[in-house]
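S.K.: My questions all concern the structure below.
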Amino acid sequence: MYQDFEQNKQYLQVELQSDINFDIVSRDIMIGNKKAVFFFIDGFCKDELMQKLLQFLMGLKKEDLPQKASDLNKVMPYVEVDVSEDFEIIIKNILSGVFAVLIDGYEECILIDSRTYPARGVEEPEKDKVLRGSKDGFVETVVFNTALIRRRIRSTDLRMEILTAGKTSKTDIVLCYMDTRVDHEFLKKIKDRINDIKVDALTMNQESLAECLFTSKWYNPFPKFKYTERPDTAAAQILEGNIIILVDNSPSAMILPISILDTVEEADDYYFPPITGTYLRISRLLIFILTYFMTPTFLLVMQNQQWIPDAFQFIIVKETMHVPLVWQFLILELAIDGLKLAAINTPSMLSTPLSVMAALVLGEFSVKSGWFNAEVMLYMAFVAIANYTHQSYELGYAVKFFRMINLVLTAIFNVWGYILGLVLFAVAIIRNKMVSGQSYLYPLLPFSFKKLGKALIRGRLPDSRE
């Protein structure tokens with residue numbers, strides 16, 4: 001900062017453009033017969049608290065003022081108070097909602113963190129619902145999200161480090177982990193990558209951060225991160241030694257590193273007894289596998305009907321096919337995504353009647369009109385519903401892309417195309433890597449019987465006395 005008070009005041013007013021920005025408040029006051037000015041963002045400060053702090057400051061006499069701002073900090077009747085003489089830090093704090101006070105004769109600026117952010121209530125997320133368990137979820141305010149995790153892990157081993165990214169946005173990023181359980185080499189790698197991010201702003205929050213952290217091949221769509229809006233899931237992952245990344249303005253947490261088996265694990269697995277949790281987990285995994293094999297296998301069998309045993313002749317399409325099967329499947333793949341997008345943009349009061357209309361019109365009449373066959377509608381309905389058995393949209397679309405590739409290859413090259421599609425699917429998974437550099441198929445590759453059993457079977461919680 002400059003030595004002159006007026007210079008400091010004028011510099012901040014010019015940088016913050018307080019005469020143009022109506023929500024940036026700059027006001028001159030007297031503190032202990034000395035000139036002072038304060039800056040804050042209207043809407044970020046707690047009015048009652050700021051009134052009390054200003055009453056304290058304006059009530060000070062000249063002899064009550066210490067020689068340094070750091071000494072005044074010690075007698076301030078508030079907890080979160082800091083001082084700084086770096087203009088960049090001061091401006092960043094003001095724009096984050098911190099109350100800043102400049103006093104004539106002090107070389108440092110007093111920063112009072114009395115901010116409060118507009119936020120919605122902590123409620124169960126729409127996406128990560130459970131049949132049993134807690135009903136709270138993350139919100140867009142990162143401080144509230146860290147508090148939800150702290151509430152569940154009351155340990156001095158829990159670490160929450162804050163970093164920033166984005167030249168303009170200066171987005172807050174919080175790393176949550178257990179110090180004695182995390183892989184410190186991997187943790188350092190993540191910190192270095194965040195510190196090395198050279199972007200103007202994280203415009204799309206977590207997705208922008210994910211793309212900066214892991215510049216993977218664009219043609220491999222399998223997810224490197226798992227997202228959750230549940231604090232209990234995030235806390236469980238931290239206790240298992242994983243890293244949770246919270247990004248301000250985002251109501252979900254990033255979990256890393258994750259394998260393909262981790263993406264099909266859900267909170268419901270742990271809110272039921274071990275045998276029920278194991279059943280749910282294995283069922284989810286089998287259904288996930290069926291979503292890939294269902295339609296390409298049916299197409300292959302229809303192209304080679306001589307393979308069908310007599311007991312399964314009923315699966316043969318009996319009605320006349322006006323549109324080739326492969327085109328029916330591909331059109332329905334696109335139509336399902338169209339219905340998803342329509343559901344997102346449909347007002348909630350109209351979603352139910354429009355859903356019924358879509359089911360009746362697009363389902364019944366599309367079959368009667370001859371565009372689609374009933375068997376095709378049945379299998380695609382199963383695939384569409386089965387995609388919601390796990391909460392990872394990224395994994396669902398990865399499987400969808402390879403399923404469509406397999407459909408096209410099977411239609412063109414018959415059985416060899418089907419095999420080629422399977423090979424491409426397997427290679428994409430095998431060659432994929434976690435953010436930590438481990439195999440995406442761990443604990444299958446490299447094989448670990450103990451870890452694989454833990455991934456597939458929901459055992460009882462370990463006793464700390466053992």
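The values are calculated or read from the model by the stated rules, or taken from the named source; none is laboratory data. Predicted, not measured: the structure shown is a model, and the values here were computed from it. Note: ideal-geometry Cβ built from the backbone for every residue, glycine included; neighbour counts use all protein chains shown. With ligands, DNA and RNA removed, areas are computed over all heavy atoms of the protein, side chains included. Shrake-Rupley method; radii C 1.70, N 1.55, O 1.52, S 1.80 Å.
S.K.: From the list 401, 413, 425, which residue is in contact with a Lys or Arg (Cβ under 9 Å, 6 or more places away or on another chain) and either within 25 Å of residue 297 (Cβ to Cβ) or assigned to a helix (DSSP H, G or I) (or both)?
M.R.: Working: 401 fails: in contact with a Lys or Arg (Cβ under 9 Å, 6 or more places away or on another chain); 413 fails: in contact with a Lys or Arg (Cβ under 9 Å, 6 or more places away or on another chain).
Among 401, 413, 425, only 425 is in contact with a Lys or Arg (Cβ under 9 Å, 6 or more places away or on another chain) and either within 25 Å of residue 297 (Cβ to Cβ) or assigned to a helix (DSSP H, G or I) (or both).
S.K.: Look at residue 126 and say whether it is assigned to a loop (DSSP other than H, G, I, E, B) and open to solvent by 30 Å² or more (accessible area, probe 1.4 Å).
M.R.: Values: assigned to a loop (DSSP other than H, G, I, E, B): yes; open to solvent by 30 Å² or more (accessible area, probe 1.4 Å): yes.
When the stated conditions are applied, residue 126 passes them.
S.K.: Can you tell me how many residues within the stretch 403-428 are open to solvent by less than 20 Å² (accessible area, probe 1.4 Å), closer than 27 Å to residue 456 by Cβ and touching a Phe, Trp or Tyr at 6+ places or on another chain (Cβ under 6 Å)?
M.R.: Start the filter on the stretch 403-428 by keeping residues that are open to solvent by less than 20 Å² (accessible area, probe 1.4 Å), which leaves 403, 406-407, 410, 417, 421, 428.
The next check asks that each one be closer than 27 Å to residue 456 by Cβ; those that pass are 403, 406, 421, 428.
Now narrow it down to the ones that are touching a Phe, Trp or Tyr at 6+ places or on another chain (Cβ under 6 Å): 403.
Qualifying residue count, the stretch 403-428: 1.
S.K.: Please verify whether the stretch 75-96 includes one or more residues that are part of a loop (DSSP other than H, G, I, E, B), surrounded by 15 or more Cβ atoms within 10 Å (Cβ to Cβ) and either in contact (Cβ under 8 Å) with a residue 40 or more places away in the chain or touching a helix residue (DSSP H, G or I) at 6+ places or on another chain (Cβ under 7 Å) (or both).
M.R.: no
S.K.: Quick one: would you say residue 210 is open to solvent by 20 Å² or more (accessible area, probe 1.4 Å) and not charged (D, E, K, R)? It would help to see each step written out before you state the result.
M.R.: Numbers: open to solvent by 20 Å² or more (accessible area, probe 1.4 Å): no; not charged (D, E, K, R): yes.
The answer is no for residue 210.
S.K.: I'd like the full set of residues that are within 11 Å of residue 257 (Cβ to Cβ) and not in a loop (DSSP other than H, G, I, E, B), limited to the stretch 429-443. So that I can check it myself, show each step before the final result.
M.R.: Here is the first cut: in the stretch 429-443, the ones within 11 Å of residue 257 (Cβ to Cβ) are 433-440, 442.
Hits for the stretch 429-443 are 433, 439.
S.K.: Let me ask something else. What's the total number of residues in the stretch 28-55 that are surrounded by fewer than 15 Cβ atoms within 10 Å (Cβ to Cβ) and touching a strand residue (DSSP E or B) at 6+ places or on another chain (Cβ under 6 Å)?
M.R.: Within the stretch 28-55, residues that are surrounded by fewer than 15 Cβ atoms within 10 Å (Cβ to Cβ) and touching a strand residue (DSSP E or B) at 6+ places or on another chain (Cβ under 6 Å) number 3.
S.K.: Only one of (1) under 26 Å from residue 184 (Cα atoms); (2) open to solvent by 90 Å² or more (accessible area, probe 1.4 Å) is not met by residue 393, so which one is it?
M.R.: Among (1) under 26 Å from residue 184 (Cα atoms); (2) open to solvent by 90 Å² or more (accessible area, probe 1.4 Å), the lone unmet condition for residue 393 is (1).
S.K.: Can you tell me which residues in the stretch 302-321 are under 13 Å from residue 376 (Cα atoms) and either part of a helix (DSSP H, G or I) or touching a residue at least 24 places away in the same chain (Cβ under 8 Å) (or both)?
M.R.: Start the filter on the stretch 302-321 by keeping residues that are under 13 Å from residue 376 (Cα atoms), which leaves 302, 315-321.
Within the stretch 302-321, 302, 315, 317, 319, 320, 321 meet the criteria.
S.K.: For the stretch 98-114, which positions are over 19 Å from residue 30 (Cβ atoms) and surrounded by fewer than 17 Cβ atoms within 10 Å (Cβ to Cβ)?
M.R.: Hits for the stretch 98-114 are 107, 113.
S.K.: Hey, another quick one. Can you tell me which of 150, 181 is exposed (fewer than 15 other Cβ atoms within 10 Å of the Cβ) and either touching a residue at least 12 places away in the same chain (Cβ under 8 Å) or under 27 Å from residue 271 (Cα atoms) (or both)? Full working, then the answer.
M.R.: On the way: 150 fails: exposed (fewer than 15 other Cβ atoms within 10 Å of the Cβ).
The conditions single out 181.
S.K.: Only one residue in 260, 245 is open to solvent by 10 Å² or more (accessible area, probe 1.4 Å) and aliphatic (A, V, I, L, M), so which one is that? Break it down stepwise before answering.
M.R.: On the way: 245 fails: open to solvent by 10 Å² or more (accessible area, probe 1.4 Å).
Testing whether each residue is open to solvent by 10 Å² or more (accessible area, probe 1.4 Å) and aliphatic (A, V, I, L, M) leaves just 260.
S.K.: Among the residues in the stretch 323-338, are any open to solvent by 80 Å² or more (accessible area, probe 1.4 Å), under 31 Å from the mean Cα position of the chain (by Cα) and at pLDDT 80 or above? Even if it seems obvious, please write down each step before you answer.
M.R.: Kept after step one, since they are open to solvent by 80 Å² or more (accessible area, probe 1.4 Å), are these residues of the stretch 323-338: 327, 334.
Retained after the next criterion (residues that are under 31 Å from the mean Cα position of the chain (by Cα)): 334.
With the extra rule that they be at pLDDT 80 or above, the set shrinks to 334.
Among the residues of the stretch 323-338, at least one is open to solvent by 80 Å² or more (accessible area, probe 1.4 Å), under 31 Å from the mean Cα position of the chain (by Cα) and at pLDDT 80 or above, which makes the answer yes.
S.K.: Going by the structure shown, is residue 132 open to solvent by 60 Å² or more (accessible area, probe 1.4 Å), in contact with a helix residue (DSSP H, G or I) (Cβ under 8 Å, 6 or more places away or on another chain), modelled with pLDDT of 90 or more and not hydrophobic (A, V, I, L, M, F, W, C)? Give the derivation first.
M.R.: Working: open to solvent by 60 Å² or more (accessible area, probe 1.4 Å): yes; in contact with a helix residue (DSSP H, G or I) (Cβ under 8 Å, 6 or more places away or on another chain): yes; modelled with pLDDT of 90 or more: no; not hydrophobic (A, V, I, L, M, F, W, C): yes.
No.
S.K.: For the stretch 50-97, how many residues are within 32 Å of the chain's Cα centre (by Cα) and hydroxyl-bearing (Ser, Thr, Tyr)?
M.R.: Start the filter on the stretch 50-97 by keeping residues that are within 32 Å of the chain's Cα centre (by Cα), which leaves 79-82, 88-97.
Imposing the further condition that a residue be hydroxyl-bearing (Ser, Thr, Tyr) reduces the set to 96.
Number satisfying all stated conditions: 1.
S.K.: Something else now. Considering only the stretch 263-277, state which residues are open to solvent by 20 Å² or more (accessible area, probe 1.4 Å) and assigned to a helix (DSSP H, G or I). Spell out the reasoning first.
M.R.: Residues of the stretch 263-277 that are open to solvent by 20 Å² or more (accessible area, probe 1.4 Å), as a first pass: 265-266, 268, 270-276.
If the condition is that a residue be open to solvent by 20 Å² or more (accessible area, probe 1.4 Å) and assigned to a helix (DSSP H, G or I), then 268, 274, 275, 276 are the ones that fit.
S.K.: Let me ask you something else. More than 18 Å from residue 223 (Cα to Cα), at pLDDT 85 or above and hydroxyl-bearing (Ser, Thr, Tyr): is that true of residue 442 in this structure?
M.R.: Numbers: more than 18 Å from residue 223 (Cα to Cα): no; at pLDDT 85 or above: yes; hydroxyl-bearing (Ser, Thr, Tyr): yes.
When the stated conditions are applied, residue 442 does not pass them.
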